[in-house]
1. For residue 123, all conditions in the list (1) over 21 Å from residue 188 (Cβ atoms); (2) surrounded by 16 or more Cβ atoms within 10 Å (Cβ to Cβ); (3) among the aliphatic types (A, V, I, L, M) hold save one; what is the number of the exception?
2. Restricted to region 58-99, and to residues that are part of a strand (DSSP E or B) and charged (D, E, K, R), which residue is surrounded by the fewest Cβ atoms within 10 Å (Cβ to Cβ)?
3. Please verify whether region 328-350 includes one or more residues that are at pLDDT below 90, polar (S, T, N, Q) and assigned by TED's automatic domain parsing to the domain that holds residue 289.
4. Applying the selection to region 26-78, what residues are modelled with pLDDT of 90 or more and within 12 Å of the chain's Cα centre (by Cα)?
5. Within region 279-324, how many residues turn out to be loosely packed, with under 14 Cβ neighbours inside 10 Å, not small (Gly, Ala, Ser) and not in a helix (DSSP H, G or I)?
6. Exactly one of these conditions fails for residue 158: (1) under 20 Å from residue 204 (Cα atoms); (2) surrounded by 14 or more Cβ atoms within 10 Å (Cβ to Cβ); (3) under 30 Å from the mean Cα position of the chain (by Cα). Give me its number.
7. Looking at region 266-279, I want the residues that are in the same structural domain as residue 51 (by TED's automatic domain parsing) and have a partner that is surrounded by 11 or more Cβ atoms within 10 Å (Cβ to Cβ) and β-branched (Val, Ile, Thr) with Cβ atoms under 7 Å, at least 6 apart or on another chain. Which pairs are those?
8. Which residue is farthest from the chain's Cα centre (by Cα), if the candidates are limited to region 140-155 and must be of a type outside the set (Val, Ile, Thr) and surrounded by 14 or more Cβ atoms within 10 Å (Cβ to Cβ)?
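The values are calculated or read from the model by the stated rules, or taken from the named source; none is laboratory data. Worth saying up front: this structure is predicted, and the values here are computed from it rather than measured. Because the Cβ atoms are built from the backbone with ideal geometry, glycine has one as well, and the counts that use them run over all protein chains shown.
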Amino acid sequence: MKLAFYIARRYLVSKKSIHVINLISALSVIGVAVGTMALIVVLSAFNGIDNFIQGMLSSFDPDLKITAAEGKSFSLDNPEIIQLNELEGIASFMQVVEDNALLQYDERQKYGIVKGVEANYAAFSGMDSMVIDGSFILNHDNRMFTVIGQGVAVDLGVGLSFVNPIHVYYPKREQKSRPMMENAFNHDYVFATGVFSVQQEIDAQYILVPIEFAREIFELNGRVTSLELKLKPGVAVSDIQEQIKALLGPAYNVQDRYEQHEFLYRVMKSEKWTSFLILSFILIIASFNLLGSLTMIILDKKNDIYILESMGANQRLIRRIFLLEGWMIAITGAIVGVLAGVGLIWAQTRFELLKLPGGGAFAISAYPVKLQLFDVLATLAIVLAIGFLAAWYPVRSIKK
């Protein structure tokens, strides 16, 4: 093995009798390096976007969310709900009442989700840091206000400097006789004090109101539609989730942040690994340079092969020499590509080379990136596997 490696290394760095072989070998290294760099940069970009969205959603979604398996609401007086206070690891609870309702501002209307929360919701979730206009105020001087999503504000044309309120309509649950249109809905209004931006789907639907306002509109006095849990630092979410599931039983759903937006996270992961496969196929095409380079090196070293055979080298040793040389070309390209990819990611993180359009209209000014060791190892594995196969094909044709 040492002899084969020594000869392969000499062949790699030595000048070839035909100059074009050196050029093709250099192009092989460059092709592998560019493909490796592209894989690392693209995967890191997906990681950055994923990490950014998770960070944004963490201000809106709790660590764990409890909802009823059947029906829309449940009572906090249920014995199993009361026993939640005895579990260690839970820092605080948040009562939530939310449902779909008709929103109206001046002449504009839209369906949205009215989410009623307790007075300490800003401290519980950190949503006050997501406010992009106005202030996060839900209660002030015994008056109730609302903080609305950016999409809702755009659809309704709400301006914080305007004096008109947002009207909320919800169908009455029980009608003793045939209802008249003017008496068929619960109705109330509330003034907006701020606009928040978390994620497009959330911004386009949600408005936050005091829980008392929501209970009155939705006729859910003493009940909640969900119970949001904030865990203590360092506590494993999966462990607490299993304990709560065992305590509450099948009558309740207990979801972590991933399960609350399972479809979104699955789409993001599928896009990431689909891009990985596409770039891998491009890398396979680039590896044809390696195949051609190694084929020409074998032809160039035909006389050396005859000499090695006359000195007693068997076919296995000769094949191993050129297989190692092909693999060394792939390894060189892979190392150069990894260093270039890591360098680009560092530069993007440090200097924000690629900025987002819009002049600061987003929560971030540049494309987010995040390097993960698993992605680097996966990239190296696929590059070396492709390099081995590209080298093996011409080597197997060497015969006595």
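1. Of the numbered conditions (1) over 21 Å from residue 188 (Cβ atoms); (2) surrounded by 16 or more Cβ atoms within 10 Å (Cβ to Cβ); (3) among the aliphatic types (A, V, I, L, M), the odd one out for residue 123 is (2).
2. Filtering region 58-99 for residues part of a strand (DSSP E or B) gives 64-68, 74-75, 90-99.
From what's left, charged (D, E, K, R): 65, 98-99.
Working: 65: 19, 98: 22, 99: 16.
So, considering only residues that are part of a strand (DSSP E or B) and charged (D, E, K, R), the one surrounded by the fewest Cβ atoms within 10 Å (Cβ to Cβ) is 99.
3. Scanning region 328-350 turns up no residue that is at pLDDT below 90, polar (S, T, N, Q) and assigned by TED's automatic domain parsing to the domain that holds residue 289.
4. 43, 44, 45, 46, 47, 48
5. Counting residues in region 279-324 that are loosely packed, with under 14 Cβ neighbours inside 10 Å, not small (Gly, Ala, Ser) and not in a helix (DSSP H, G or I) gives 2.
6. Answer for residue 158: the failing condition is (3).
7. Pairs found: 275/42; 279/42.
8. The first filter runs over region 140-155 and keeps only residues of a type outside the set (Val, Ile, Thr), leaving 140-145, 149-151, 153, 155.
When the remaining residues are screened for being surrounded by 14 or more Cβ atoms within 10 Å (Cβ to Cβ), the result is 144-145, 149-151, 153, 155.
Working: 144: 36, 145: 33, 149: 21, 150: 22, 151: 22, 153: 26, 155: 27 Å.
Checked region 140-155; the qualifying residue farthest from the chain's Cα centre (by Cα) is 144.
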